[in-house]
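Inspection log for the structure reproduced underneath, given as structure tokens.
The values are calculated or read from the model by the stated rules, or taken from the named source; none is laboratory data. None of these values were measured; they are calculated from a predicted model. Glycine also receives a Cβ, built like all others from the backbone with ideal geometry; neighbour counts cover every protein chain displayed. The accessibility values were calculated without ligands, DNA or RNA, using every heavy atom of the protein model including side chains. Shrake-Rupley method; radii C 1.70, N 1.55, O 1.52, S 1.80 Å.
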Amino acid sequence: MRVLVIHGPNLNLLGERQPEIYGRQTLAELDEFIATNAREIGVTVECVQHNSEGAIVDAIHDARTRFDAIVINPGAYSHYSYAIADAIASVHVPVVEAHLSNIAAREAHRRTSVTAAACVGSVSGFGARSYVLALRAVAQIPEK
Ligand code: DQA
């Protein structure tokens, strides 16, 4: 199974960005952690990061023929991007949302995820392990 992992805006600054919330791990270290765990789970991963909404929409579209599933952390777009939600709803590959922080326990504007509503499910609050749990979840979704 091939899984595309999409990191959204500002996640390129992991390690220096609000470490009290997102930890000290850089994006490169996070991707390494995801790749190591993916091997254990038995899936192949490719990780990409995009700051712009359109690039994320394009990545979701492109993934529909190249990957079997998507794990996505849309960052702040989670809370208001109907374009990304529509892109997720437009493809047949299963999509699982992952968040480092527990968005349900943060500011009011972060408690809603319009993109998660278009996904098969979501994982939030377990730091880097949120991505691994999301990978485990997609690995168990029966193929249509
Ligand atoms: C985040 C949570 C979002 O609210 C925030 O805008 C992010 C990161 C997370 O992984 O916890 O950029 O998606």
Exercise. Is there any pair linking a residue in region 117-144 that is more than 19 Å from R64 (Cβ to Cβ) and modelled with pLDDT of 95 or more to one that is among the acidic types (D, E) and crowded, with 17+ Cβ neighbours inside 10 Å, with Cβ under 7 Å and at least six apart or on different chains, and which?
Worked result: S122/E97
For this session: Check every one of the strands (runs of 3 or more DSSP E) wholly within region 1-105 and list those with 2 or more residues that are on the phi > 0 side of the Ramachandran plot and either of a type in the set (D, E, K, R) or away from the ligand (no atom under 16 Å from the Cβ) (or both).
Result: none
Exercise. Are there any pairs, at least 6 apart or on different chains, whose C-beta atoms fall under 6 Å, with the first in region 76-92 and among the small types (G, A, S) and the second in a helix (DSSP H, G or I), and if so, which?
Worked result: S81/E53; A83/E53; A83/V57; A85/A118; A87/V57; A87/I60; A89/A118
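What residue, among those in region 106-126 that are in a loop (DSSP other than H, G, I, E, B) and among the charged types (D, E, K, R), is least open to solvent (accessible area, probe 1.4 Å)? Before the answer, list the steps.
Step one: of region 106-126, the residues in a loop (DSSP other than H, G, I, E, B) are 106-107, 111-115, 119-120, 125-126.
Now restrict to residues that are among the charged types (D, E, K, R): 106-107, 111.
Values: R106: 37, E107: 80, R111: 138 Å².
Looking at residues that are in a loop (DSSP other than H, G, I, E, B) and among the charged types (D, E, K, R), I get R106.
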Seminar exercise, completed: Restricted to region 127-144 and to residues being of a type outside the set (A, V, I, L, M, F, W, C) and in a loop (DSSP other than H, G, I, E, B), the residue least open to solvent (accessible area, probe 1.4 Å) is G127
Seminar exercise, completed: Filtering region 1-21 down to residues that are open to solvent by 30 Å² or more (accessible area, probe 1.4 Å) and farther than 14 Å from L135 by Cβ yields N10, N12, L13, E16, R17, Q18, P19, E20, I21
Seminar exercise, completed: For region 6-34, the count of residues that are out of contact with any helix residue (DSSP H, G or I) (no Cβ under 7 Å at 6 or more places or on another chain) and within 17 Å of E97 (Cα to Cα) equals 3
Problem set entry | Test for A98: is it open to solvent by 10 Å² or more (accessible area, probe 1.4 Å) and either modelled with pLDDT under 95 or within 18 Å of Y131 (Cβ to Cβ) (or both) | no
Exercise. Counting only residues that are open to solvent by 60 Å² or more (accessible area, probe 1.4 Å) and touching a residue at least 12 places away in the same chain (Cβ under 8 Å), which one in region 26-51 is nearest to R136 (Cα to Cα)?
Worked result: T44
Exercise. Could you count how many residues in region 87-144 are under 22 Å from E53 (Cα atoms), of a type in the set (D, E, K, R) and within 12 Å of the chain's Cα centre (by Cα)?
Worked result: 1
